[in-house]
1. With respect to A192, determine if the residue is open to solvent by less than 50 Å² (accessible area, probe 1.4 Å) and either among the basic types (K, R) or closer than 30 Å to A36 by Cα (or both).
2. For the stretch 106-119, give me each residue that is open to solvent by 50 Å² or more (accessible area, probe 1.4 Å) and either modelled with pLDDT of 95 or more or not basic (K, R) (or both).
3. Scan the stretch 210-224 for residues that are of a type outside the set (G, A, S), out of contact with any Leu (no Cβ under 8 Å at 6 or more places or on another chain) and open to solvent by 10 Å² or more (accessible area, probe 1.4 Å) and jot them down.
4. State all residues of the stretch 100-135 that are of a type in the set (S, T, N, Q) and under 23 Å from Y247 (Cα atoms); if no residue qualifies, say none.
5. Which condition from (1) assigned to a loop (DSSP other than H, G, I, E, B); (2) touching an Asp or Glu at 6+ places or on another chain (Cβ under 8 Å); (3) free of Cβ contacts under 8 Å to residues at least 60 places away in the same chain is the one that V105 breaks?
6. Applying the selection to the stretch 223-238, what residues are closer than 24 Å to F156 by Cα and not in a helix (DSSP H, G or I)?
7. I need the full set of residues from the stretch 98-124 which are touching a strand residue (DSSP E or B) at 6+ places or on another chain (Cβ under 8 Å) and more than 27 Å from R229 (Cα to Cα), in order please.
8. Give the residue that is nearest to T56 (Cα to Cα), with candidates limited to residues of the stretch 79-123 that are among the charged types (D, E, K, R) and touching a helix residue (DSSP H, G or I) at 6+ places or on another chain (Cβ under 7 Å).
Amino acid sequence: MPDTLAEQSLVPLDRIVAAREVVRGRLHETPTVTSAFLSDRIGAPVHLKLELFQKTGSFKPRGVLNRLANMTEAERQRGLITLSAGNHAQAVAWAARQYGVRATVVMPVRATKAKVEATRGYGGDVLLTDGDLLTTALELQRDRNLTLVHPFDCPFVIAGQGTVGLEVAEQVPNVDTVIVGVGGGGLIAGVAAAIRAVRPNARIVGVEPVGAPGMTESLRRGEPVRLERLDTIADGLAAPFAGRLNYLHVRELVDEMVLVTDDEIVAAIPVLMERCKIVAEPAGAAAVAALLAGKVVPQPGETAVAVVSGGNIDQGRLKQLL
């Protein structure tokens, strides 16, 4: 049974419903589509939740908009600061422009060029660093009196990402298994909170790359951990640490975590392109990779939904991978 502290830390359904009102009309309600090929291959009905069709190319604006909506005007006007390898960076820059405020984004020097350029294109002030992203962002926050928009360890961000789960439950009301890629844990925390509230018997599975197993390792150790080394092509899942709130949500609400190799992720990308006509970035393909590699096996007749979380990949990167 969940301990009292964990219960108090979990985002309740009413917060996710409130977040849905925040994003309604400002973001897309992304489609969930069936795949005959994947269904035949897996031996059970498979649906894809297409978050790569969200504004900025990933699910991230859901949480960011909800965070900004729950700030004071003074907090927003001070300017925003965040840290990200790419998708959250774009979301914060885009959302800041919607509110007419400035956003500073700390990104790693190894960040995908297309994601850096897109963040700048949305109006973000990008600072590239080879140092620790969080430490750098917190120093800038203090020095410039900025307002932090954490990429995942924030109840408002988790509630915003939870709107994905509400949509899944409405679009596929008979869903039995929901599969979600995991980086810092914002998306799976929100989806799990929503699904567990409205479809309590559904199985919820998180997927991490072998080279970035932060949440898996956190569960093993019994506390959120920081990884000393990251080694994966899925930059969107390469968070160097698991969030405290995110860890609590996964510990209490998620049934299983599985690991996929980079080769398994790469193998899923052309399947999605050729059979499903969508182009996912590596992080976005991770949930489908888990199905194709047999890491997640729905029972015959069960219905599975895999979240395709993002599609921010350029032609050059795609050619490198394939």
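The values are calculated or read from the model by the stated rules, or taken from the named source; none is laboratory data. Given the structure is predicted, the values throughout are model-derived calculations rather than measurements. Quick reminder, even Gly has a Cβ in these numbers, built from the backbone with ideal geometry, and neighbours come from all protein chains shown. The accessibility values were calculated without ligands, DNA or RNA, using every heavy atom of the protein model including side chains. Shrake-Rupley method; radii C 1.70, N 1.55, O 1.52, S 1.80 Å.
1. Criteria met by A192.
2. Correct list: V109, E117.
3. L219, R220, R221, E223, P224
4. Of everything in the stretch 100-135, just one residue is of a type in the set (S, T, N, Q) and under 23 Å from Y247 (Cα atoms), namely T135.
5. Every condition holds for V105 apart from (1).
6. Matches in the stretch 223-238: E223, P224, V225, R226, A238.
7. V101, R102, A103, R120, G123, G124
8. Of everything passing the filter in the stretch 79-123, K115 is nearest to T56 (Cα to Cα).
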